[in-house]
Amino acid sequence: MTGASGGIGLMTTELLASQGYEVVATVRPSSDMTQIKALSEKYATLTIEHFDVLDALYYPKILKDLEDRHNGFDIIVMNAGVLYGGLIEKMTSAQIMTTVQTNLSACIAITSTLVEGMKERGQGKLIFISSLAASRPLPYLSVYNASKAGLEGLAKSLYLELAPSYIDVYLVEPGFYQTDLWRHEADCQDQETQKVKKLAYFMTKPRDVKEVTFQILKICEGKSRRFHHTFGHYAKFQCLCKPFIYTKCGKTLYKYLLRRIK
């Protein structure tokens, strides 16, 4: 489990550990360890490892050593992610690079390093935690949307590529839940960005993050065979409306809604 120190990663880690799964929870050395440490004291099947997913890009041996230390992984949940919002011309090069590398490049590197061991064992599951933003992109989240859309392209290709090796691939698309992913919101204070944030919250009904974690549990248990998982009728309705958005009428409606938000 990558990105296990908070949000969906932390909640999924706790749920899997409570069900008896041996969970290796990876967290960046700079992360707040308070909650994950408390869980490791509660569940004997939970192990914490310091691992920054970006290390998979430049130091694959670190990931290989981690795999050897735990005798391989049967299930990999790629949950670590970062979100920076705002006008694209106001985003720094560091923000753009961090977003793409964390949300997409690191997942490619982790898969390429660990999938060989799964093939040798003749089984495995890869669970990619994407975002509804990949299917229903919002403005002012352009780089984040692009990174998640790339992740979905990766998952769809691997779904077929790894099928002969009996490795199952799953794509999970949470909506805009209030998790630690939004901690960078304070970085974006321009008026237009704040309007779009309000529009995003208006378009997204408050939902319980547990519905995502329980779906991941069902995948791990083999009770769900579907490749693509979205949550709630409202999210599915938004995806169905996507073709309308990219029309003259859709653009006009969007500008009207934006003017109405104060």
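The values are calculated or read from the model by the stated rules, or taken from the named source; none is laboratory data. Small disclaimer: the values here were computed from a predicted structure and weren't measured. Don't worry about glycine lacking a Cβ; one is built from the backbone with ideal geometry, like all the others, and counts go over all protein chains shown.
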Given the criteria within 28 Å of Gly175 (Cβ to Cβ) and assigned to a helix (DSSP H, G or I), does Ile36 qualify? yes
Counting only residues that are of a type in the set (Gly, Ala, Ser) and without any contact (Cβ under 8 Å) to a residue 24 or more places away in the chain, which one in segment 134-166 is farthest from Gln95 (Cα to Cα)? Ala163
Can we say Glu89 is surrounded by fewer than 18 Cβ atoms within 10 Å (Cβ to Cβ) and not in a helix (DSSP H, G or I)? no
Cβ contacts < 8 Å: first residue closer than 14 Å to Ser112 by Cα and without any contact (Cβ under 8 Å) to a residue 40 or more places away in the chain, restricted to segment 56-74; second residue crowded, with 16+ Cβ neighbours inside 10 Å and of a type in the set (Gly, Ala, Ser), any location; separation 6+ or different chain. Result? Ile62/Ala56
For segment 145-170, which residues satisfy the criterion of being among the hydroxyl-bearing types (Ser, Thr, Tyr) and not in a helix (DSSP H, G or I)? Tyr166, Tyr170
Is it true that Thr13 is free of Cβ contacts under 8 Å to residues at least 24 places away in the same chain, within 23 Å of Asp208 (Cα to Cα) and of a type in the set (Val, Ile, Thr)? no
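Restricting attention to segment 136-144, does a residue exist that is of a type in the set (Ser, Thr, Tyr), part of a strand (DSSP E or B) and surrounded by 22 or more Cβ atoms within 10 Å (Cβ to Cβ)?
As a first pass, look at segment 136-144 and keep what is of a type in the set (Ser, Thr, Tyr): 140, 142, 144.
Among the residues that remain, those that are also part of a strand (DSSP E or B) are: none.
No, there is no match, as no residue in segment 136-144 is of a type in the set (Ser, Thr, Tyr), part of a strand (DSSP E or B) and surrounded by 22 or more Cβ atoms within 10 Å (Cβ to Cβ).
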Filter segment 1-36 for residues that are of a type in the set (D, E, K, R) and modelled with pLDDT of 95 or more; the one that is surrounded by the most Cβ atoms within 10 Å (Cβ to Cβ) is Glu14
Go through segment 109-135 and count every residue that is assigned to a helix (DSSP H, G or I), under 21 Å from Ile8 (Cβ atoms) and in contact with a Ser or Thr (Cβ under 9 Å, 6 or more places away or on another chain). 4
